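Student: Provided herewith is a single structure, encoded as structure tokens, for subsequent inquiry.
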């Protein structure tokens, strides 16, 4: 086939995809209306998991399963946002690992509200200002995040889903020639990098922050 014929074929497929995506969304909206009338939760992680498992079986390539899942994540995110205006609270500010985890779980179509502390995330959900909250609960280096577990003990909130994410920490600074005098980071990140810090930055002043993203902001503001 020529280049032009391939492009015409893609145009025809896109036309069908748009029609089918809207048809799928209409069914999702109908399901959402039934759930709302019955007082059920709109978000159903067990159903989502079955869809991803089914897609993996149906997919014969060349699209990788991971990419197919990402495509459907956004399709389902759009459906969720149309079924009900959902808000997700997370440990902010924007671009934290928790924010990334939230988007990976819910997609880009929902409304996200950054919070300063893990407790603030719990409060937002308990006070019905957010439908869901995303908080860090465990890492393979330092174990459980005890503050999160303590809050669950004293809260009526329940865990409805989890996501496992690879975490990579980077040392960043504005002036590459300047000597590192202060190191900003979240306590969990500091603990995870303890050995490297002892070997490479044994005498720097360590300042804890509410998140690694906030640490980067503080470092950018520190002109000394």
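The values are calculated or read from the model by the stated rules, or taken from the named source; none is laboratory data. Everything numeric in this text was worked out from a predicted model, so none of it was measured. In this analysis, Cβ positions are derived from the backbone assuming ideal geometry, glycine residues included, and neighbour counts consider all displayed protein chains.
Yes/no matrix, rows are residues, columns are (1) surrounded by 12 or more Cβ atoms within 10 Å (Cβ to Cβ); (2) closer than 24 Å to residue 102 by Cβ; (3) in contact with a strand residue (DSSP E or B) (Cβ under 7 Å, 6 or more places away or on another chain):
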site	(1), (2), (3)
4	no, no, no
8	yes, no, no
15	no, no, no
23	no, no, no
27	no, no, no
39	no, no, no
53	no, yes, no
59	yes, no, no
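Student: Quick one: residue 66 ticks every box in (1) at pLDDT 90 or above; (2) in contact with a helix residue (DSSP H, G or I) (Cβ under 7 Å, 6 or more places away or on another chain); (3) not assigned by TED's automatic domain parsing to the domain that holds residue 127 except a single one, so which number is it?
Tutor: Result: residue 66 fails condition (2) only.
Residue-wise test of (1) surrounded by 14 or more Cβ atoms within 10 Å (Cβ to Cβ); (2) touching a helix residue (DSSP H, G or I) at 6+ places or on another chain (Cβ under 6 Å); (3) under 30 Å from residue 170 (Cα atoms); (4) at pLDDT below 95.
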{"site": "36", "(1), (2), (3), (4)": "no, no, no, yes"}
{"site": "44", "(1), (2), (3), (4)": "yes, no, no, yes"}
{"site": "73", "(1), (2), (3), (4)": "yes, no, yes, yes"}
{"site": "102", "(1), (2), (3), (4)": "yes, no, yes, yes"}
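Student: Just give me the residues in region 42-64 being touching a residue at least 40 places away in the same chain (Cβ under 8 Å) and outside any helix (DSSP H, G or I), in sequence order.
Tutor: Within region 42-64, 42, 43 meet the criteria.
Student: Right, another one. Check every one of the helices (runs of 4 or more DSSP H) wholly within region 112-224 and list those with 1 or more residues that are over 30 Å from residue 78 (Cα atoms) and modelled with pLDDT under 90.
Tutor: Working: elements: 118-126, 146-153, 187-192, 194-200, 212-221.
The helices (runs of 4 or more DSSP H) meeting that bar are 146-153, 187-192, 194-200, 212-221.
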